[in-house]
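Report on the following structure.
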Amino acid sequence: PEPVEVTDEGELVQAAEIRRRLEQAPIVLGRHERKPALPALGSDVASDDIATAWMTSSHLVNATLLMAADNMRALGVLLFPDGRLSMPLYAHYPILRSILEASALVKWLLEPEEQTERVARMLRTRWSDSLHDRDLKQEEVATVKAMADYDAEGLSRAEAAIAARYARDVAKIREIAEAFSIPHAVVKRGRAPWVHMVRAVCTVEEGADWIAVPGEYAASTWRALSGLSHPSYGGVVNSSSMQRIADGSSDGTVLARFSADLGVTQRAVEVAWNTTQEAIELVEQRYGTRV
């Protein structure tokens, strides 16, 4: 479709706010890049790392925060090429969802003051990851088996390696859980569902210069992004701006042009950016550093 210039005054205000946030991205990304890879000796996460090695907490935190930063960088390339805001209909929604999920996970992992709860959340996340990795590898083996010619002996070794790695991860998770008296039933709950996690970590208490923001605001934003990241005619129609071009035939058909709803995008960028900045601040705090 041909690009359409925004002329509506309300949308121009929303576009200006999106642009302002995108221009803040290099500041956020710079702060992320200055974050030390290793927590300072004596910090909360350094203590967690010692207690959970080799399944160290900081490795999970660093990789997750990198995902948020990497997608923030990609979003700028997509929406802000050559310093001019350009809005696709679909492509930015899954990127925004990924930024929000990754930064929310970092906050969820590090928010608890009690070490046992931080370790429990790390183990729950590792448990979910181990199950996902095992199932993915098993699907890859099944794909090869479905083909005409395959190396049966090689596949047998691959299946054994998958089972051994999963068993190793589970054994380590159990070992750490037992050391902290964390019930296995708690670990097997896995990572918190995304919508519940986002609701829990994105609540903003009232301050001197801002109003309180309930977690439902971020949770509903995540739901919108999730719906718009999958094929859904109703989703994109209900979350898009429609411009009537002409009336159609006598049967009531209307010719219209759909474009991305800048209000949905503005809200999503705002929540994703705020959560990422808060995640970086929390990492600095738990790592015992300020940059």
Shape descriptor, region 1-72: equivalent ellipsoid semi-axes (Cα gyration tensor, sqrt 5λ, whole Å, largest first) stand at 41, 13, 9
Would you grab the residues whose amide H sits under 5 Å from the one on V204? Only those 5+ places off in sequence or on another chain, please, with H modelled 1.01 Å from N.
V213, G215
Rounded to the nearest 0.05, what FRET efficiency is calculated for A40 and D135 with R0 set to 45 Å and r the Cβ-Cβ distance?
0.75
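Only Lys, Arg, Asp and Glu count, each charged at its Cβ (+1, +1, -1, -1), so figure out the dipole size of region 1-146 about its Cα centre, rounded to 20 debye. It would help to have the intermediate numbers written out before the result.
Numbers: 17 positive and 23 negative charges, 82 e Å.
With only Lys, Arg, Asp and Glu charged at Cβ, the dipole is about 400 debye.
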Can you give me the orientation-averaged projected area of the convex hull built on the Cα atoms of the chain, in nm²?
21.8
Cα-based Rg / Dmax (Å) for region 101-147:
15.6, 52
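Computed over the Cα atoms of region 14-152, what is the convex hull's projected area averaged over all directions, in nm²?
Values: hull surface 51.4 nm².
Over every viewing direction, the Cα hull of region 14-152 projects on average to 12.8 nm².
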At q = 0.14, 0.20, 0.29, 0.30 Å⁻¹, base-10 log of I(q)/I(0) for region 53-115 (Debye sum, equal scatterers on each alpha carbon):
-0.50, -0.78, -1.17, -1.20
Please work out the Cα center distance from region 79-122 to region 21-68, rounded to the nearest Å.
14
The alpha-carbon center of region 126-152 and that of region 162-236 are separated, in whole Å, by 25
Isotropically averaged projected area of region 115-179, using the convex hull of Cα atoms (one quarter of hull area), nm²
4.3
Taking 7 Å along the Cα-to-C-beta vector as the label spot, tell me the A160-V77 distance in nanometres, rounded to one decimal.
4.2
Residue by residue through region 79-90, what is 3J(HN,Hα) from phi via Karplus (6.51 cos²θ - 1.76 cosθ + 1.60, θ = phi - 60°)? Round to whole Hz and write x for glycine and proline.
8, 10, x, 6, x, 10, 5, 9, 10, x, 7, 10
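First compute the accessible area of the chain with a 1.4 Å probe, then give the percent of it belonging to carbon and sulfur atoms.
Of all accessible area on the chain, carbon and sulfur atoms account for 54 percent.
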Ranking D129, D48, D209, D82 from most to least accessible area with a 1.4 Å probe gives D82, D209, D129, D48
Considering the dipole of the chain built from charges on the beta carbon (Lys and Arg +1, Asp and Glu -1) around the Cα centre, which of A179, L66, L131 is farthest to its positive end?
A179
Okay, helix-only estimate at 222 nm for the chain: each DSSP H run of n ≥ 4 adds -39500 (n - 2.57), divide by all residues, round to 500 deg cm²/dmol; what do you get?
-22500 deg cm²/dmol
Ranked packing of 278-284, 186-192, most packed first, by mean Cβ within 10 Å
278-284, 186-192
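Assuming R0 = 25 Å, can you tell me the calculated FRET efficiency for the pair V204 and E117, based on Cβ-Cβ distance, to the nearest 0.05?
Efficiency, rounded to the nearest 0.05: 0.70.
The values are calculated or read from the model by the stated rules, or taken from the named source; none is laboratory data. Small disclaimer: the values here were computed from a predicted structure and weren't measured. All Cβ positions, even for glycine, are placed from backbone atoms using ideal geometry, and neighbour counts span all protein chains on display. Please note that ligands, DNA and RNA were not included when accessible areas were found on the heavy atoms of the full protein model with its side chains. Shrake-Rupley method; radii C 1.70, N 1.55, O 1.52, S 1.80 Å.
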